[in-house]
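Taking it in order: structure first as structure tokens, then the write-up.
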């Protein structure tokens, strides 16, 4: 009995590792955040392992049943739509329960969107604060004010329809000359990284329609 967490490409299908393919072929069941998305990946690599849906809306209802199947000797792999499961995607709950029930857990190394975005930013990456997605409503302004005072490089994820709003919110609490970097469509054909001051990039998105998922890197507060 073993649960594997298998990273999948954040963009280019060629970023899948040999070992990830081997694991997905060898397990009895693959748990997928969206079976339609994962089926495309698996068909590309000739993987015919059965798929089962496992996502944020059903994980609490299904986790105990899955743990019982693991304890009975079934091997499983968990994948998200893109990147490493558990990083702003389902994964934590089943890993916690597997550990409680003495089920072996192994996370394979692989793709995570914020790592290439951080390196590409040119901002210090020896010490950083990863926040994932900020709250949409309750607690959002508190989180933004806290990040404005952070003495480390800050990393946040944002969706295309909220990235412009986030930059304007940051301008209210962060000095406009603070350096930031914004990456989108990482490893895809239209991958892009924009670097500049907060004010410059906020103006950019006032006139440019955001497309793709975004990773925003914010420089530390000046000491």
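Multiplying each eigenvalue of the alpha-carbon gyration tensor of segment 89-157 by 5 and taking the square root yields semi-axes of 28, 19, 10 Å, largest first, rounded to whole angstroms. Extending 7 Å from Cα along the Cβ direction at residue 194 and again at residue 28 yields two label points whose distance is 5.0 nm. Fewest-first ordering of 45, 54 by other beta carbons within 10 Å of each residue's beta carbon gives 45, 54. Segment 67-105 to segment 148-202: how many Å between their Cα centroids? Segment 67-105 and segment 148-202 have Cα centres spaced 32 Å from each other.
Here, segment 114-218 yields an orientationally averaged convex hull projection of 6.0 nm² when only Cα atoms define the hull. A helix-only calculation puts the chain at -10000 deg cm²/dmol for mean residue ellipticity at 222 nm, using -39500 (n - 2.57) for each DSSP H run of at least four residues, averaged over all residues. Across every pair of different alpha-carbon atoms, what Kirkwood hydrodynamic radius in Å does segment 2-107 reach? It works out to 13.5 Å. Return the FRET efficiency for the residue pair residue 108, residue 12: r is the Cβ-Cβ distance, R0 is 22 Å, and the value is rounded to the nearest 0.05. E between residue 108 and residue 12, to the nearest 0.05, is 0.80.
FRET efficiency for the residue 57 to residue 1 pair, using the beta carbon distance and R₀ = 22 Å, is estimated at 0.30. Please state, as a whole number in µm²/s, the translational diffusion coefficient that the Stokes-Einstein equation yields for the chain at 10 °C and 1.306 mPa s, with Rh defined as the Kirkwood radius across alpha carbon pairs. For these conditions, the coefficient is 84 µm²/s. The angle between the Cα long axis of helix 59-71 and the main principal axis of the chain comes to about 40°, on a 0 to 90 degree scale.
Per residue, the average separation of C-alpha pairs within less than 8 Å and at least 6 apart gives the chain a relative contact order of 22 percent. The calculated Kirkwood hydrodynamic radius for segment 1-58 is 11.8 Å, given to one decimal from all distinct C-alpha pairs.
In this simple spin-label approximation, residue 140 and residue 81 carry label points 7 Å from Cα along the Cα→Cβ vector, and these lie 1.9 nm apart. Note the angle between two axes, namely the Cα long axis of helix 35-44 and the longest principal axis of the Cα atoms of the chain, as a number of degrees from 0 to 90, rounded to the nearest 10. Relative to the chain, helix 35-44 is tipped by roughly 80 degrees.
No lab work stands behind these numbers, since they all come straight from the coordinates. Fair warning: this is a prediction, and the values are worked out from it, not measured in the lab. Note that each Cβ is placed from the backbone with ideal geometry, even for glycine, and that neighbours are counted across all protein chains shown.
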